[in-house]
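J.: For reference, the structure I am asking about is given below.
The values are calculated or read from the model by the stated rules, or taken from the named source; none is laboratory data. Worth saying up front: this structure is predicted, and the values here are computed from it rather than measured. Cβ sites come from the backbone with ideal geometry, for glycine too, and all protein chains shown count toward neighbours. These accessible areas exclude ligands, DNA and RNA; they are computed on the full protein's heavy atoms, side chains included. Shrake-Rupley method; radii C 1.70, N 1.55, O 1.52, S 1.80 Å.
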Amino acid sequence: MTICLLSTDWGNVADWAAVVVGVGAAVATTVVAALAHRTSKRAAEIAEEATRIAGQQHAEAVTLREETARIIGRLLLNEVSRLPVRLQQVKEALGAASFVPGVHAWAEAVHRAIADLDGPLLPSAKLAEDRIHTLPAGLGADLATLIGHAREARFGAERIHALVDRAAGFSSQEHSGKYVTQSMSQVNNFGVQLECAEAFAATFADEFHAFVFGASAEACQAS
């Protein structure tokens, strides 16, 4: 005997299949939504944590920079403070040398006047050069300028030593007056250069003092 399914039976099966598919789709949508919510929440947590870490690292970098700047200030304070006085003394001695009679005596007086420039004027600056950027912007730039002035003064002294030695040697020769006069003029010009460097050094020393002692006071209050 052959059994045939009625059309109504097939219709019931189709209806149930549609229900199953609909339920499955709903469940899948719910699962996807839940996963998306969890992923979004986790992403937000990660972003929040990254922001917190970045803020902490920035604060630590600022603290390190300020502490390094204070160390540089203490390291260079004495040399920066003394530099204007040293340059002034050399400038005055150089001016006095111009009144010494006789080329040989004048040359010796010039040598003595600039002897303090024979060594580094800011010896500790070399240790701090790669950390100058930790100082406040204007102060760091001015310190770099001061270091440049100090080096130029030393190089200039080397040139003047050689110049007056040649002038003393020429003084015993005929027609040497013009060369000696030119040499004396260059020595005077070097004195003007030192005067400019001294003025800048004096102004910077005041600013540097204010920074170092101001920073020290803030550090004491913070502790």
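J.: With the structure loaded, tell me whether Thr39 is open to solvent by 70 Å² or more (accessible area, probe 1.4 Å), hydroxyl-bearing (Ser, Thr, Tyr) and at pLDDT below 90 or whether it fails that test. Show your work before the answer.
T.: Values: open to solvent by 70 Å² or more (accessible area, probe 1.4 Å): yes; hydroxyl-bearing (Ser, Thr, Tyr): yes; at pLDDT below 90: yes.
Yes.
J.: Can you find, within segment 123-141, the residue that is most open to solvent (accessible area, probe 1.4 Å) among those that are free of Cβ contacts under 8 Å to residues at least 12 places away in the same chain and farther than 23 Å from Ala153 by Cβ?
T.: His133
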